[in-house]
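Here is the structure we will look at.
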Amino acid sequence: MGMSVGNGGGAEEGGYRPISEINITPMVDVMLVLLIIFMITAPLLVAGVPVELPKTSAAKVSQPKKPMIVSLDADGLVYIREDQVTVDTLVPRLEALRATEGDTVVYVRGDKNRPYGEVMEILGRVGSSGYSRVSLLSQPKAAETAGH
């Protein structure tokens, strides 16, 4: 005695019914093959074409050895890197450094106890010295404790 599971007969008594589930195994296989292909070809694309470059007598563009940092300390003294300068000599010194080291990012640090106007004056002087990229540095805030 047999038992039939399904819609109870009708026109499709042959037992064939469409599967309503998606078989993702072939899709996963294709994705893994594509991943392997990209992993193999990516290093080859970065290497580029081998080219023998000509020699030149032109001087190399000098890169700054230290970052360009202009600081305003708590006493109102201005520094370029570790060298103390006056506000009046700030622009000529920055122009001289720009001529020797090239255009770079200038980081401006200002003590939190100095008035906002003084820091803005330093920013304006740095901008007038010819540097096109000026950035302000700050200290990240300490993480709050869990009890607060």
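The values are calculated or read from the model by the stated rules, or taken from the named source; none is laboratory data. The model shown is predicted, which means the values in this text are computed figures rather than measured ones. Reconstructed Cβ throughout: ideal geometry from the backbone, glycine too, with neighbour counts over all protein chains shown. These accessible areas exclude ligands, DNA and RNA; they are computed on the full protein's heavy atoms, side chains included. Shrake-Rupley method; radii C 1.70, N 1.55, O 1.52, S 1.80 Å.
Rounded to the nearest 10 Å², what accessible area does MET120 have for a 1.4 Å probe in the complete protein model?
Rounded to the nearest 10, that gives 80 Å².
Dipole of region 71-144, Cα-centred, from +1 at each Lys and Arg C-beta and -1 at each Asp and Glu C-beta, to the nearest 20 debye?
Working: 9 positive and 12 negative charges, 44 e Å.
Computed charge dipole of region 71-144: roughly 200 debye.
Taking 0.36 nm per residue of separation and subtracting the Cα-Cα distance, what length does fully extending ASP73 through SER57 add? Can you show the working numbers first?
On the way: separation 16, 0.36 × 16 = 5.76 nm, distance 4.36 nm.
This chain segment gains 1.4 nm when fully extended.
Please give the contour-minus-distance gain from GLN84 to LEU35: 0.36 nm per residue of separation, less the Cα-Cα distance, rounded to one decimal in nm. If you can, show how the numbers build up before the last one.
Details: separation 49, 0.36 × 49 = 17.64 nm, distance 5.61 nm.
Contour length minus the Cα-Cα distance gives 12.0 nm.
Please report the net charge: other residues with Cβ closer than 15 Å to the Cβ of GLY76, K and R +1, D and E -1.
With Lys, Arg at +1 and Asp, Glu at -1, the neighbours total -2.
What lysines could a cross-link reach from LYS66, if we take a straight Cα to Cα line under 26 Å and drop same-chain neighbours fewer than 8 places away?
Excluding near neighbours in sequence, the set is LYS112, LYS141.
Solvent-accessible area of GLU21, probe 1.4 Å, all protein chains present, reported in Å² to the nearest ten, please.
150
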